[in-house]
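Worksheet for the structure shown next.
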Amino acid sequence: MRIAIGADHAGFELKEHLKRMLAAGGYEVDDLGTHDTVSTDYPDYAAAVAHELMQGKADRGILVCMTGMGMTMAANKVKGIRAALATNPEEVALTASTTTPTCWPSVSATRNRKRPTRWRASSSTPGSRVAGVTSAGSTK
């Protein structure tokens, strides 16, 4: 399972922790930046992870910024992406099979460190992430 991960400067520290934790769990992690704490623009990293997912270069994605909201909005601008904000381990477990990437806030880093244990791989593919939902948004 290949996971694309990206963060802005505010999410850098958590991204690095998640990267190590995921690699230790046997996941292949593709770090798309940022690579330090110098101020950056989060939409660049949201777009990089979203495009990696849509091109089939990654199976799942994680984005981290201060609140997680900016990454969520920016990633959702890429056609076919269904990014979701997950603020606690329970939300991560609920969104893991229906969305990618999952966007995490760095503001509660202690709680965030528990998320990978609740994050599950999904067999869904970009463009078909939510079973039972049509392209118009109505349920089947």
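Since every read-out is calculated from the coordinates, none of them should be taken as a lab result. For clarity, every value in this text was computed on a predicted model and none was experimentally measured. Don't worry about glycine lacking a Cβ; one is built from the backbone with ideal geometry, like all the others, and counts go over all protein chains shown.
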Given 96-104, 84-92, the highest-first ranking by average Cβ count within 10 Å works out to 96-104, 84-92
Restricting to Cα pairs under 8 Å and 6 or more apart, the percent relative contact order of segment 2-117 works out to 28
The exposure ranking of ARG60, ARG82, ARG20, ARG2, fewest beta-carbon neighbours within 10 Å first, is ARG20, ARG2, ARG82, ARG60
Fewest to most Cβ atoms within 10 Å: ASP8, ASP41, ASP30 sort as ASP41, ASP30, ASP8
Label model pair LYS77, ARG20: point-to-point distance (7 angstrom along the Cα→beta-carbon line) in nm is 3.3
At R0 = 30 Å the Cβ-Cβ FRET efficiency linking GLN55 and GLU13, nearest 0.05, sits at 0.60
Between THR37 and MET69, the FRET efficiency computed from the C-beta separation at R0 = 25 Å comes out, to the nearest 0.05, as 0.80
